[in-house]
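Pasting in a structure now, in structure tokens, and then I'll have a few things to ask.
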Amino acid sequence: MKRGSKLSSLLLAIFMVSSIFLGGCATKDKSVSINKNAEHSNAAKELKVHYINVGQGDSILIQQGDKSMLIDAGNNGDSELVKSYIEKQGVTTLDYVIGTHLHEDHIGGLDYVINSFKIGNIFMPKKTATTKTLESILNAVKNKGLTIKQPQVNESFQLGNAKFTVLAPKQIYDNENDCSIVIKLTYEKNSFLFTGDAEGTSEMDMIKGRLDLKADVLKVGYHGSKTSTAANFLRKVNPKYAVISVGKNNKYRHPNQGVMNTLKYKDIKVYRTDENGTVVAISNGKDIKFNCNPGSYTGYTIKANNSSKQQDRNDTTVVIPTISKKDTLENKSEETKPTPKAMVWVSKSSDKYHSKPKCRNMKPKKAKKISLKNAKKQKYTRCRKCFK
């Protein structure tokens, strides 16, 4: 009996110890499961915008929950880079693919992307071109039984819990860049504006259309060219942050120093792929965080000894729709009769420069004194009340 009693006690002890260990393992497994679920839940509550570093080109991946969208796919040579980056984010389906316009540095890798992923919708502007790049895209679309759609201005679409609205193009322009599809993406209290290569004419049409351009983050148009990001357009957007997709030491001399000066003056933090590499913005619906520190405000400045023949067409063709014909004539007369000190007053809330800080069209406390030359570089135009 004693021997049986001891054996029973031993078996009971073994059972209790085993229960403790097994219970501990179950608790640990449950904890891991909870952590994974929490991570998934957090990801579902976030909006991620990846400005992929494709050099002198554009490619932007957007994720919200289990929904994804791609805006442009870089140059032809960036095809594998863009595909690999998308795969690393765990994306297998692109619910929306947007080719902003038909230039190769934006749609070069689009055919490869279409062939590599499950695609929902494809948006491109209604514009024709006879290029191998476009032909490859059309073949990829046809082979998958897809169709290319042209979204209309003010048309909105859902991307998970986020929404994006088309703001441009208003029409088909002669300038291919102005045909860029422009969208505003909104996620709770945060918003992003993606402008492709839209230049001054399209920017002006968006302003005239009284569209809601306000956004926290602006993807600077046309890689920072001086033919985009006009002063009054930037004032309407009024972003806290700006992202420039641009290649190092590119032959187009982007970004333009005048544009960078304007961004700096307005205290807009700038992130740029030539300095930061791929830039990732993460929004929780209230705040936006970036994966890197802001870049510099250094742009390209044309040296005095550079001849006009050396300048790229992007630097010689200037479109500044913020200035009317009358203003242009006034500016010309002003240039022949400069102010004695060549200093003027400007304000962040206006695109005009003034001869005095107490002009009734300007708040004195927000006035800042800068050189006339610098004001013109930043695309300010003169106040008609100050300069009669």
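The values are calculated or read from the model by the stated rules, or taken from the named source; none is laboratory data. In this text, all values refer to a predicted model and were calculated from it rather than measured experimentally. FYI the Cβ positions are ideal-geometry reconstructions off the backbone, even for glycines, and counts take in every protein chain you see.
In segment 144-178, what count of residues is obtained for those that are β-branched (Val, Ile, Thr), in contact with a helix residue (DSSP H, G or I) (Cβ under 8 Å, 6 or more places away or on another chain) and in a loop (DSSP other than H, G, I, E, B)?
If we filter segment 144-178 for residues that are β-branched (Val, Ile, Thr), which is where we start, we get 147-148, 153, 165-166, 172.
Next cut, in contact with a helix residue (DSSP H, G or I) (Cβ under 8 Å, 6 or more places away or on another chain) only: 147-148, 172.
From what's left, in a loop (DSSP other than H, G, I, E, B): 147, 172.
Of the residues in segment 144-178, 2 are β-branched (Val, Ile, Thr), in contact with a helix residue (DSSP H, G or I) (Cβ under 8 Å, 6 or more places away or on another chain) and in a loop (DSSP other than H, G, I, E, B).
Using the structure shown, decide if Ala198 is in contact with a Gly (Cβ under 9 Å, 6 or more places away or on another chain) and farther than 30 Å from Ala44 by Cα.
Yes: the conditions hold for Ala198.
Being under 16 Å from the mean Cα position of the chain (by Cα), over 25 Å from Asp287 (Cβ atoms) and surrounded by fewer than 24 Cβ atoms within 10 Å (Cβ to Cβ) is the filter here, so list the residues in segment 206-226 that pass it.
Matches in segment 206-226: none.
Oh, and also: Does Gly90 satisfy the condition of being closer than 26 Å to Tyr252 by Cβ and either assigned to a loop (DSSP other than H, G, I, E, B) or modelled with pLDDT of 95 or more (or both)?
Details: closer than 26 Å to Tyr252 by Cβ: no; either assigned to a loop (DSSP other than H, G, I, E, B) or modelled with pLDDT of 95 or more (or both): yes.
In short, no.
Is it fair to say Ser156 is surrounded by 12 or more Cβ atoms within 10 Å (Cβ to Cβ), assigned by TED's automatic domain parsing to the domain that holds Leu211 and farther than 21 Å from Asp197 by Cβ?
So Ser156 fits the description; yes.
Whether any residue in segment 368-384 is outside any loop (DSSP other than H, G, I, E, B), at pLDDT below 50 and over 28 Å from Lys214 (Cα atoms) is what I want to check.
Pass one, segment 368-384, residues outside any loop (DSSP other than H, G, I, E, B): 368-377, 381-382.
Adding the requirement that they be at pLDDT below 50 leaves none.
So far as segment 368-384 goes, no, none of its residues is outside any loop (DSSP other than H, G, I, E, B), at pLDDT below 50 and over 28 Å from Lys214 (Cα atoms).
Would you check which residues across segment 188-205 are assigned to a helix (DSSP H, G or I) and either crowded, with 24+ Cβ neighbours inside 10 Å or among the charged types (D, E, K, R) (or both) and list them?
Passing the criteria: Gly200, Ser202, Glu203, Asp205.
So is Ile122 in a strand (DSSP E or B), out of contact with any Lys or Arg (no Cβ under 6 Å at 6 or more places or on another chain) and within 30 Å of Gln378 (Cα to Cα) or not?
Working: in a strand (DSSP E or B): yes; out of contact with any Lys or Arg (no Cβ under 6 Å at 6 or more places or on another chain): yes; within 30 Å of Gln378 (Cα to Cα): no.
Spelling it out, it is not the case that Ile122 is in a strand (DSSP E or B), out of contact with any Lys or Arg (no Cβ under 6 Å at 6 or more places or on another chain) and within 30 Å of Gln378 (Cα to Cα).
Do you know which of the residues in segment 125-143 that are hydroxyl-bearing (Ser, Thr, Tyr) and either within 24 Å of the chain's Cα centre (by Cα) or in a helix (DSSP H, G or I) (or both) is nearest to Met204 (Cα to Cα)?
Thr133
Moving on to the next point. Provide a single number: the residues in segment 196-220 that are touching a Ser or Thr at 6+ places or on another chain (Cβ under 9 Å), of a type outside the set (A, V, I, L, M) and free of Cβ contacts under 8 Å to residues at least 60 places away in the same chain.
Residues meeting the conditions: 3.
Residues Val246, Val270: which one is of a type in the set (Val, Ile, Thr), touching a residue at least 60 places away in the same chain (Cβ under 8 Å) and either in the same structural domain as Tyr51 (by TED's automatic domain parsing) or farther than 30 Å from Gln64 by Cβ (or both)? Break it down stepwise before answering.
Values: Val270 fails: touching a residue at least 60 places away in the same chain (Cβ under 8 Å).
When all the criteria are applied, what remains is Val246.
Can you tell me which residues in segment 119-132 are polar (S, T, N, Q) and modelled with pLDDT of 95 or more? So that I can check it myself, show each step before the final result.
Filtering segment 119-132 for residues polar (S, T, N, Q) gives 121, 128, 130-131.
Passing the criteria: only Asn121.
Right, another one. Quick one: which of Ala198, Ala162 is aliphatic (A, V, I, L, M) and either modelled with pLDDT under 95 or in contact with a Cys (Cβ under 9 Å, 6 or more places away or on another chain) (or both)?
From the options Ala198, Ala162, the qualifying one is Ala198.
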